[in-house]
Amino acid sequence: ASPSSPDRFVTLAAGLVLGALVGLGLAALRHRADDCIRRPDDLYRRTGVTVAAILPSPLHEGEVALVPPLSPDGRAYARLRNLVTTSLAPTNRRVVLVAGVHRGGGPVAANLAASLARAGETVYLVCADVFGTTANALLADPPAAGLAEVLAGKRQVQDVTHRLAGLPNLRVLGPGQ
């Protein structure tokens, strides 16, 4: 009256158990292959480098804004600034920060430069990424000449750097044409 095999209940149960085991195995493999750094202890465990500062607010792609010095992010940049300045010898050398790395380098470099300038250092922020928006976001008028013209020998650094209002010790050098 009914077939002796296949037993649908056994087949369904075996399929569910095997599917769950394969899914768990793939999830474990993906977790082991994941090299994203999500927490400070991930950075130390993977590289042996200790975390200097943690920004409470996330960085957004293409958004460059100088944070107020007394905000939580401003205090994190001040801690980072203190680590940088303790490693500088007490001379009259200028500090050069390069904002040309992918994903968040511009806002971090700009805010670190602003923090160093607020502390009295003479800082040059070199915006080396041609496709980045750091120089355009910081300056009222986008710079026409910049790093490319300096490297080509057409202009001098002091002719193509721009000062920010409120931060006289910070000079911004755009990528140029």
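Laboratory data are not the source of any read-out in this text; all were calculated from the coordinates shown. The structure presented is a predicted model; accordingly, all values stated were derived computationally and were not measured.
When restricted to Cα atoms, the stretch 22-78 yields an Rg and a Dmax of 16.4, 51 Å, respectively. By DSSP, the beta bridges lying fully in the chain are antiparallel in about 35 percent of cases.
Pairwise inverse Cα distances across the stretch 107-177, averaged and inverted, put the Kirkwood hydrodynamic radius at 12.0 Å. Note on the chain: with a GNM built from Cα contacts shorter than 10 Å, the maximum mean-square fluctuation among 17, 67, 157 falls on 17. Diffusion coefficient of the chain by Stokes-Einstein, Kirkwood radius over Cα pairs, 37 °C, 0.692 mPa s: 166 µm²/s. Between the stretch 157-177 and the stretch 33-64, the alpha-carbon centres lie 29 Å apart. GNM remark for the chain: springs join alpha carbons under 10 Å apart, and the peak mean-square fluctuation among 46, 38, 30 falls on 30. Determine the percent antiparallel among the DSSP beta bridges restricted to the stretch 99-177, to the nearest 5. Among the beta bridges of the stretch 99-177, antiparallel pairing accounts for roughly 50 percent.
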